[in-house]
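All of the numbers you see were taken from the coordinates with simple rules; none came from a lab. This one's a predicted model, so the numbers in the text were calculated from it and none came from an experiment. For neighbour counting, all protein chains shown are included, and Cβ atoms are generated from backbone atoms with ideal geometry for every residue, glycine included.
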Amino acid sequence: MMEEKRAFHTLETQRLRFKKMTLSDGNAIHEYASNPDVSRFIGWPLMHSYGETMAFVQEMMNKEEAGTHIYANVIENDSDKVIGTVMLFNFDKVANKAEIGYVFHQDIWGKGYCTEAATIVCKYAFEVLGLHKIHAQVTAVNVGSSRVLEKNGFEKEGHLKDHYYIDDRYYDCLLYGKFQK
């Protein structure tokens, strides 16, 4: 299974490629992880300092080493820059499913990169890992994230009222799922 997980770091499309997360990516990750508009609804804490970001990157690397998460930084081929991070986590070996997640630099929003990255994550999850289902939880106000999932064939499976408490306010949660065909 470790070889299959390592293959995640080598996925690519015409515009993007994945790479294993390293501490040397800290500056690029800090650029989007320290942006309140990016981090508000993704489940990552807002990074107030470079040191916080580095600690968080190390924590993600530790989770991957422990086998509970798979992370890859997304590189834009034209610029050779880290523009985001994608992940599979919350693996359930009995039900053969996992959760998908993604976070991208605000400068590239609306250009289809996240949709493209999610497409190859799903393909990998079904074809390489042999998962039965991929699921996602999205804050209802995060319309862009919902759009990414829907463009990738995810169906809305549920709606949880006041599920998240962010910045002194409650937000609804949308549950999405996609099955291997």
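Structure above, values below:
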item: 222 nm mean residue ellipticity, helices alone, for the chain (DSSP H n ≥ 4; -39,500 (n - 2.57); rounded to 500); result: -9500 deg cm²/dmol
item: Label-point gap, in nm, between Asn62 and Asn90 - each point 7 angstrom along Cα→Cβ; result: 2.2 nm
item: Lysine pair count for region 56-135 [Cα-Cα under 21 Å; pairs on different chains or 8 or more apart]; result: 9
item: Relative contact order (percent, whole number), region 2-131, Cα cutoff 8 Å, 6+ residue spacing; result: 25 percent
item: Shape category assigned to region 35-87 from the gyration tensor of Cα positions, a/c cut at 1.5; result: oblate
item: Equivalent ellipsoid semi-axes - Cα gyration tensor, the chain, angstrom; result: 22, 21, 16
item: Counted charge near Pro45, where neighbours are those whose Cβ lies closer than 11 Å (Asp, Glu -1; Lys, Arg +1); result: -1
